[in-house]
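The values are calculated or read from the model by the stated rules, or taken from the named source; none is laboratory data. Here the structure is a predicted model, which is why all the values come from computation and not from measurement. Don't worry about glycine lacking a Cβ; one is built from the backbone with ideal geometry, like all the others, and counts go over all protein chains shown. Quick note on the areas: whole protein, heavy atoms, side chains included, nothing else; ligands and nucleic acids left out. Shrake-Rupley method; radii C 1.70, N 1.55, O 1.52, S 1.80 Å.
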Amino acid sequence: QFDVPAALILGVIHTESHFRKNASSSMNAHGLMQIVPRFAGKEAYPAVYKKAGAPSLKQLRDPGTNILLGAAYLRKLDRVYFKRIANDAVRRAYLSKVTVRSQIYSAAQSRAKTLARNTARLPPQPA
């Protein structure tokens, strides 16, 4: 429906959730494509439902709806945010990098929180 290559959608799903439909992250991203309701969800919602809004958790956990919203968001990235990139192959490469970078960012955030928790539990060091 949104003219997004199936390979890109599958790549995002694999990277973001490892095909777990109920996946959730500490960044409030949910579902197969790890959509954050107030960011990507809010941007994709009007394209899918023809009105302003943001998806519910129930909608994000539904695989079909999640993929539809994710495809709408990828389409918006491609056609709105990356529209000035004339070369289709280059534009698609940017889309791929955005999804990989979001995964790296999420992993780094998670690791930083774990380190902070573990550091807080260490006994005080002598001066």
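For the reader, a short list of remarks on this structure follows.
- A single member of Asn22, Asn66 is within 21 Å of Leu10 (Cα to Cα), assigned to a loop (DSSP other than H, G, I, E, B) and under 15 Å from the mean Cα position of the chain (by Cα), and it is Asn22.
- Residue list for the range 15-53, restricted to those being in contact with a Leu (Cβ under 6 Å, 6 or more places away or on another chain) and open to solvent by 70 Å² or more (accessible area, probe 1.4 Å): Lys21
- So Arg61, is it over 18 Å from Phe2 (Cα atoms), open to solvent by 70 Å² or more (accessible area, probe 1.4 Å) and modelled with pLDDT of 95 or more: yes
- Candidates Gly41, Gly53, filtered to the one that is touching a helix residue (DSSP H, G or I) at 6+ places or on another chain (Cβ under 9 Å), farther than 17 Å from Asp3 by Cβ, modelled with pLDDT under 95 and not polar (S, T, N, Q): Gly41
- Of all residues making up the range 1-14, the number that are open to solvent by 60 Å² or more (accessible area, probe 1.4 Å) and in a helix (DSSP H, G or I): 4
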